Structures are given as structure tokens and as C-alpha cells.
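Have a look at the structure below, then the notes.
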Amino acid sequence: MKNKPTTEQASNYNNLEKMSTVDLLKNMNAEDKTVPLAIEKVIPSIEKLVDSIYTKMKTGGRLFYIGAGTSGRLGVLDASECPPTFGVPDNWVIGLIAGGDDALRKAIENAEDDPNLAWKDLCEYDISENDVLVGIAASGTTPYVIGALKEASKHNITTGCIVCNENSPLSLVADISIELIVGPEFVTGSTRMKAGTAQKLALNMITTSVMIKLGRVKDNKMVHMQLNNKKLVNRGVLMLMDELHIDQELAAVLLEKHKSVKNVIDFYKSKFL
């Protein structure tokens, strides 16, 4: 029905259980190909949110994500990947999910239905007007997320949202709304599919752009990444060999001593270049 929210509209495909494996995969892939086009349409909104986050974070503010279910898990995932990727403290980007960390692995009954719970969760982190709060909800109707943004606005906190329906209740309370309209899901209502993919793409764009603007990337390299496994140490060595034109042995010694690619580059250039 046309009056249904996009995320609840019937799939473009019928009788899925009768499809062959290859047809299931091809049809899902065909639907997934439409997601980047939906992202492209809202780049101006993403730009506005990125610039707002950067403005706050360059003066010590933080970025908070809040959501429930798949949307909440995606926010927590994006937040958790910032420290190892960009070498930032754990409290620069914080992801909260309705039901707490237990909800990352299993559904917590009714956790998303309390509009007052999210603000209590945020207050544990002393959220303030120096920060930015982004609500993530495919439907745009999640009480937990809407309640968080409403209360944040009362405290002069900049708010944004990432939703997959037009003119949703969440969009109406956010300062900056990103509406990723990807159309009906392959499995009707299963927003872990295209909606989740779109949200993940948007989150990638937001934090990566902000971190680049904050100087956490040099040229195209993760020079601040945490060296917490052999793969990343080897990557760091290769970065240094390429950047400083030194051999592998020296690069490895310097990286071991200075603990980050950026530190080695700064040291080497101050001494030898």
C-alpha cells in the first residue's frame, strides 16, 4: 500500500521460497545495487552533518550514535572501529544501543520502546552542548531514539539522524536529517538488508570524512592506526618504506621505537629531511 512507510512496503519479488539459489542471490544483488544511488541523493545532508561534527570535535567535542536493533549495532560498530583505524581515544566516538551491550548479540525485549531510557544512558557519559548526537533508526519511529534527540535539543546539543523513510518522526526532531530512501526490502520489512547497508555506507562516510578533516589520515594512509597485530605492523612498515624511502629493517626498528607511523614520520623528517 502506498500509505505504508517505505521500509514496510511489500517486496518487489514474490514467492521467494520457490526461487533457485542463483535467482535469490542475483535478485538480492540487483536490489543492493540501488543503495549507492540513494546515498548519492543525500550527500548535501551528509556534508552538513560532517561539517557540524567536525566543528564540535576540533574543539574537544564528541560524536554519539544512538539506536536500537540493527541500527544500534551499526552505530556501535562504527564507533568501535574509530580507535584502531584512526588512533583516537575510545571516548571520541561513542555508540549506544537500546538494551546495552547485551543487545549487540541478542534482541532485548521492549528495550527500544522507552522514550526516556536513552537520555539516562547518555547522561552516564556527561553529554553536553559540546557534543553531537546522531540517532539511527531505519523506520524513524523508534521511541528510544526519538526521546534521546528530543531531550538533547532541550540541552542545546546538535542532533542528526539517519533514517530510511521520508518525513519520519525522528527526522522532524533532528537538526540535520539524512533520509536514505532505498525502497522496499527483498524480504518485506527486513531492514537489516538494504536499509542496513545504506546506514553502514553513510556511517563510513561520516566518520572517515571527519577523521580526515581532523588530521588522522595523511595522504591516503592510516598513519595513526593502532599497531595491535602483525598485519597492521607490516602495513605500517610498508607505509614508512613508501613515505620515507627507507628499507624494511630500518622501518621496522623505527616503528617499534616510536609506536606509530605518524610519530616515525615526524621524527625522521625532523632529523634527516
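The values are calculated or read from the model by the stated rules, or taken from the named source; none is laboratory data. Source: prediction; values computed, not measured. Quick reminder, even Gly has a Cβ in these numbers, built from the backbone with ideal geometry, and neighbours come from all protein chains shown.
Among the residues of the range 210-237, the ones that are in contact (Cβ under 8 Å) with a residue 12 or more places away in the chain and farther than 27 Å from L63 by Cβ come to 2 in all. If you go through the range 77-108 and pick out every residue that is farther than 18 Å from Q199 by Cβ and acidic (D, E), you end up with 3. Within the range 105-116, is even one residue crowded, with 16+ Cβ neighbours inside 10 Å, charged (D, E, K, R), assigned by TED's automatic domain parsing to the domain that holds S45 and at pLDDT below 95? Scanning the range 105-116 turns up at least one residue that is crowded, with 16+ Cβ neighbours inside 10 Å, charged (D, E, K, R), assigned by TED's automatic domain parsing to the domain that holds S45 and at pLDDT below 95.
Scanning the range 150-187 for residues that are free of Cβ contacts under 8 Å to residues at least 40 places away in the same chain and aliphatic (A, V, I, L, M) yields A152, I157, V163, L170, L172, V173, A174. Taking (1) free of Cβ contacts under 8 Å to residues at least 60 places away in the same chain; (2) under 19 Å from T158 (Cα atoms); (3) not in a strand (DSSP E or B) in turn, I127 satisfies each apart from (1). When the residues of the range 227-258 are filtered to those that are basic (K, R) and under 19 Å from V217 (Cβ atoms), the one that is surrounded by the most Cβ atoms within 10 Å (Cβ to Cβ) is R235. Applying the set (1) within 20 Å of G60 (Cβ to Cβ); (2) part of a loop (DSSP other than H, G, I, E, B); (3) among the aliphatic types (A, V, I, L, M) to A138 leaves exactly one unmet item: (1). Just one of the listed residues (E8, E31, E17) is acidic (D, E), exposed (fewer than 14 other Cβ atoms within 10 Å of the Cβ) and over 20 Å from I206 (Cα atoms), and it is E17. Scanning the range 82-130 for residues that are among the basic types (K, R) and within 30 Å of L227 (Cα to Cα) gives a single hit, R105. Is it the case that V163 is under 21 Å from G69 (Cα atoms), of a type in the set (A, V, I, L, M), over 16 Å from the mean Cα position of the chain (by Cα) and in the same structural domain as V35 (by TED's automatic domain parsing)? Taking the combined requirement at face value, the residue does not satisfy it.
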